[in-house]
Amino acid sequence: MIEPLDVLAVMAHPDDAEIFCGGALIKSAESGERTGVLDLTAGEAGTRGTVRSRAREAAAAADVMGLADRRCAGLQDAALVNDVQSRVVVARLMRILRPRVIVTHWTRGRHPDHRAAARLTRDAAFLAGLRKLPAEGAPHRPEKVVYALAFREDPVKPTFVVDITAQMDRKIEALAAYRSQFQGKSGMGEVFPGGDRPLFDQIRSVHATYGSLIRRRYGEPYWTEETTEAETLGTVPVTTF
């Protein structure tokens with residue numbers, strides 16, 4: 001049995017974790033938390049690259065981020081569905097990795113796989129804790145599911161924003177590992193083009209906007225169903241004025 005993970009990003013495709021929550025994953029790893037990524041598909045339906053090239057790029061990005069574990073669920077790209085079979089596959093992997101916190105896509109998105117991944121991940125996380133679920137491994141239910149809001153245009157206010165100022169350069173380095181996907185691009189997936197501005201400049205500008213919400217240079221936004229807790233009024237962070 002492997003050592004349980006503290007944080008697991010469950011994302012539709014290789015490179016999604018880097019785009020949507022790469023800074024927070026790097027920060028967790030730097031803090032000593034065991035951090036991992038579960039790519040639900042190998043990205044085989046993507047226009048650019050091949051399964052082999054994307055796997056190599058994902059491994060290189062994992063090294064940059066300091067991940068303790070990265071693996072692929074082997075579900076079908078461009079055809080993700082939240083069905084019984086898929087839930088059992090993902091629940092089994094959650095039982096193996098035993099994460100405390102799950103991070104996944106926001107429930108809305110441009111790519112249908114992203115929307116399906118959010119629902120699939122949430123349901124699999126619950127089902128993984130059922131003793132009678134027909135999946136290998138001991139029951140395990142993560143404590144929390146967190147949704148990554150970065151690059152969404154929906155008017156959703158984040159529950160919290162992670163300061164990734166110190167991790168921003170490494171996030172870009174991890175993204176740069178995906179040469180087949182990002183080289184020469186000004187937009188990709190949920191990252192809409194900013195005119196002729198290079199993709200990584202566009203990403204930095206978006207994170208700068210989120211960073212300003214917490215009075216920091218760069219930030220990544222997240223949402224939870226649960227209301228967050230403050231220890232006392234005197235320790236509530238982020239200034240009003």
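The values are calculated or read from the model by the stated rules, or taken from the named source; none is laboratory data. What you are looking at is a predicted structure, and each value in this text was computed from that prediction instead of being measured. Every residue, glycine among them, receives a Cβ derived from its backbone with ideal geometry; neighbour counts consider all protein chains shown. To get the accessible areas, we keep the full protein, side chains included, count just its heavy atoms, and leave off ligands, DNA and RNA. Shrake-Rupley method; radii C 1.70, N 1.55, O 1.52, S 1.80 Å.
Got a sec? Which of ARG56, ARG71 is basic (Lys, Arg), at pLDDT 95 or above and in contact with a strand residue (DSSP E or B) (Cβ under 7 Å, 6 or more places away or on another chain)?
Selected residue: ARG71, the only one of ARG56, ARG71 that is basic (Lys, Arg), at pLDDT 95 or above and in contact with a strand residue (DSSP E or B) (Cβ under 7 Å, 6 or more places away or on another chain).
Restricting attention to the range 136-143, does a residue exist that is open to solvent by less than 30 Å² (accessible area, probe 1.4 Å) and touching an Asp or Glu at 6+ places or on another chain (Cβ under 8 Å)?
No: the range 136-143 contains no residue that is open to solvent by less than 30 Å² (accessible area, probe 1.4 Å) and touching an Asp or Glu at 6+ places or on another chain (Cβ under 8 Å).
Do we have PHE200 as open to solvent by less than 80 Å² (accessible area, probe 1.4 Å), aromatic (Phe, Trp, Tyr) and free of Cβ contacts under 8 Å to residues at least 40 places away in the same chain here?
yes
Failed condition for ILE164, given (1) open to solvent by 10 Å² or more (accessible area, probe 1.4 Å); (2) within 25 Å of ALA230 (Cβ to Cβ), with all others met?
(1)
Among (1) closer than 27 Å to PRO134 by Cβ; (2) in contact with a helix residue (DSSP H, G or I) (Cβ under 7 Å, 6 or more places away or on another chain); (3) touching a residue at least 40 places away in the same chain (Cβ under 8 Å), where does ALA116 come up short?
Condition (2) is where ALA116 drops out.
Please state which one of THR235, THR227 is among the polar types (S, T, N, Q), surrounded by fewer than 16 Cβ atoms within 10 Å (Cβ to Cβ) and closer than 30 Å to PHE126 by Cα.
THR227
Residue-by-condition table, conditions (1) outside any helix (DSSP H, G or I); (2) within 25 Å of HIS105 (Cβ to Cβ); (3) at pLDDT 95 or above:
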{"position": "SER180", "(1), (2), (3)": "no, yes, no"}
{"position": "GLY184", "(1), (2), (3)": "yes, no, no"}
{"position": "ILE203", "(1), (2), (3)": "no, yes, no"}
{"position": "VAL206", "(1), (2), (3)": "no, yes, no"}
{"position": "THR227", "(1), (2), (3)": "yes, yes, no"}
{"position": "ALA230", "(1), (2), (3)": "yes, no, no"}
{"position": "THR240", "(1), (2), (3)": "yes, no, no"}
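What is the residue count in the range 144-155 for residues that are surrounded by 14 or more Cβ atoms within 10 Å (Cβ to Cβ) and touching a Lys or Arg at 6+ places or on another chain (Cβ under 8 Å)?
Total satisfying the criteria: 3.
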